Amino acid sequence: MSEPIRTLIADDEPLARRQLRSLLERDPQIALVGEAGSGADARRAIRELNPELLLLDVRMPQGDGFSVLEDLEQPPYVIFATAHAEHAVHAFDVAAVDYLLKPFDDERFERSIQRA
């Protein structure tokens, strides 16, 4: 069996982080290594924890999701999880694996994780 995928959640909303955490905990192939509530915290956590997968909100204080990715030499695989549909094209331009539009259901989330 392969090692679990090291995963980080970056979202400024505690309720959204809790929902994502709950969904990730169901999957034995995922190892949640940390959470971040701002762009600055996300940058720091990515550098310290070296996740393979990042669930990333677009709008956060201290740097949006796109600026977080721009600051990284080798970003992890990214699934954007956001309530802002207007950024989807840009997300795929920066090589996002998927774009989850909040609110999403469990089935849609699982398809996104499988894609990653």
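Cβ-Cβ below 7 Å, separation at least six or inter-chain, first residue in the stretch 1-20 and closer than 15 Å to Ala40 by Cα, second surrounded by 22 or more Cβ atoms within 10 Å (Cβ to Cβ) and charged (D, E, K, R): which pairs?
Ala10/Asp57; Asp11/Asp57; Asp12/Asp57
Quick one: in the stretch 67-80, which of the residues that are of a type outside the set (S, T, N, Q) and farther than 13 Å from Ala116 by Cα is surrounded by the fewest Cβ atoms within 10 Å (Cβ to Cβ)? Don't jump to the end; show me each part of the working.
So the first thing to find is which residues in the stretch 67-80 are of a type outside the set (S, T, N, Q), and the list is 68-73, 75-80.
Imposing the further condition that a residue be farther than 13 Å from Ala116 by Cα reduces the set to 68-73, 75.
Numbers: Val68: 27, Leu69: 22, Glu70: 11, Asp71: 15, Leu72: 14, Glu73: 4, Pro75: 17.
Filtering first and then ranking leaves Glu73.
Restricting attention to the stretch 90-109, and to residues there that are in a helix (DSSP H, G or I) and free of Cβ contacts under 8 Å to residues at least 60 places away in the same chain, which single residue is surrounded by the fewest Cβ atoms within 10 Å (Cβ to Cβ)? Before the answer, list the steps.
Going through the stretch 90-109, the residues in a helix (DSSP H, G or I) turn out to be 90-93, 106-109.
Still in the list and also free of Cβ contacts under 8 Å to residues at least 60 places away in the same chain: 90-93, 107-108.
Values: His90: 14, Ala91: 22, Phe92: 13, Asp93: 10, Glu107: 8, Arg108: 12.
Here the residue is Glu107.
In the stretch 17-43, what residues are under 12 Å from Ala81 (Cα atoms) and under 11 Å from the mean Cα position of the chain (by Cα)?
Listed by number, the residues that qualify are Arg17, Leu20.
Return the total of residues in the stretch 1-16 being more than 11 Å from the chain's Cα centre (by Cα) and in a strand (DSSP E or B).
Residues in the stretch 1-16 being more than 11 Å from the chain's Cα centre (by Cα) and in a strand (DSSP E or B): 2 in total.
Contact list please: Cβ distance under 9 Å, first residue in the stretch 64-82 and closer than 15 Å to Leu8 by Cβ, second residue of a type in the set (D, E, K, R) and buried (at least 22 other Cβ atoms within 10 Å of the Cβ), pairs at least six apart or on different chains.
The qualifying pairs are Gly65/Asp57; Phe80/Asp57; Ala81/Asp11; Ala81/Asp57.
So, Arg59, is that one in contact with a His (Cβ under 9 Å, 6 or more places away or on another chain) and not small (Gly, Ala, Ser) or not?
Yes.
Taking the stretch 6-19 as the search range and keeping residues that are in contact with a strand residue (DSSP E or B) (Cβ under 6 Å, 6 or more places away or on another chain) and more than 15 Å from Val58 (Cα to Cα), which one is surrounded by the fewest Cβ atoms within 10 Å (Cβ to Cβ)?
Taking the stretch 6-19 first, the residues in contact with a strand residue (DSSP E or B) (Cβ under 6 Å, 6 or more places away or on another chain) are 6-10, 17.
This time we only want the ones that are more than 15 Å from Val58 (Cα to Cα), so: 6-7.
Working: Arg6: 17, Thr7: 27.
In this case the residue turns out to be Arg6.
Is it fair to say Val58 is touching a Ser or Thr at 6+ places or on another chain (Cβ under 6 Å) and surrounded by 15 or more Cβ atoms within 10 Å (Cβ to Cβ)?
yes
Coordinate-derived values only; no laboratory data. Being a predicted model, the structure only gives us computed values, none of them experimental. Using ideal geometry, Cβ is built from the backbone for each residue, glycine included, and neighbour counts are taken over all protein chains shown.
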